[in-house]
Amino acid sequence: MNNQRKIQKPATISWEKEELLLALTQRDLQAIADLLERILEQKLEEKLEEKLEEKLDKKLDEKLDKMLDEKLGQKLDEKLDEKLDKMLDEKFKTELAPIYERLDRIDTRLEHMDERLDRADDNFRYLDIKLHKTNEKLENLDISFRFFAQNTKKDIAKLQDGMDTVTEILHMNQLIPTRS
């Protein structure tokens, strides 16, 4: 292997613009290639790290922005809801105040009506009791009247019998003219 290194042919590189002429061996070229490769890898690594860092920063910023937006949106929604609730409460209070006043007046009137209805209910109960008593009296009167009517019929029948007897006796004694 040493022989191969010693016998290497020089490579000629020329840059015409700078009028430079160099004679390099294959080993020199390999060393330069290795050096360039390391430098390239290093630069590539630096660029990669830089790009990764940029991307990470960008992603982190996006994620933070998103989280902030969400939190801010949440807080804004909460504040907005809170203010809206307060405004609606105030609006309802002002709009519903006359209705509540009217309902209070209606409640007062209904209380008076309840009192009047209670009195009317008491009066109806009194009238119901009176009607019941009157009904009982009428039933008793009806019974008494029927009893009286029955007794009267019996008495009239007795009187009629007595009258018939008297009339017959008077006919027999010829004190009254006979019927023809």
## Note on the structure
Of the candidates ALA157, ALA97, the one satisfying the condition of being of a type in the set (Gly, Ala, Ser), at pLDDT 90 or above and either part of a helix (DSSP H, G or I) or in contact with a Cys (Cβ under 9 Å, 6 or more places away or on another chain) (or both) is ALA157
#### Entry: Matching residues in the range 23-78 - criterion: being under 60 Å from the mean Cα position of the chain (by Cα) and of a type in the set (Lys, Arg)
LYS51, LYS55, LYS58, LYS59, LYS63, LYS66, LYS71, LYS75
### Summary
Of (1) at pLDDT below 85; (2) of a type in the set (S, T, N, Q); (3) open to solvent by 90 Å² or more (accessible area, probe 1.4 Å), THR25 satisfies every one except (3)
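The values are calculated or read from the model by the stated rules, or taken from the named source; none is laboratory data. Being a predicted model, the structure only gives us computed values, none of them experimental. Glycine also receives a Cβ, built like all others from the backbone with ideal geometry; neighbour counts cover every protein chain displayed. Heads up: the accessible areas ignore ligands, DNA and RNA and are worked out on the full protein's heavy atoms, side chains in. Shrake-Rupley method; radii C 1.70, N 1.55, O 1.52, S 1.80 Å.
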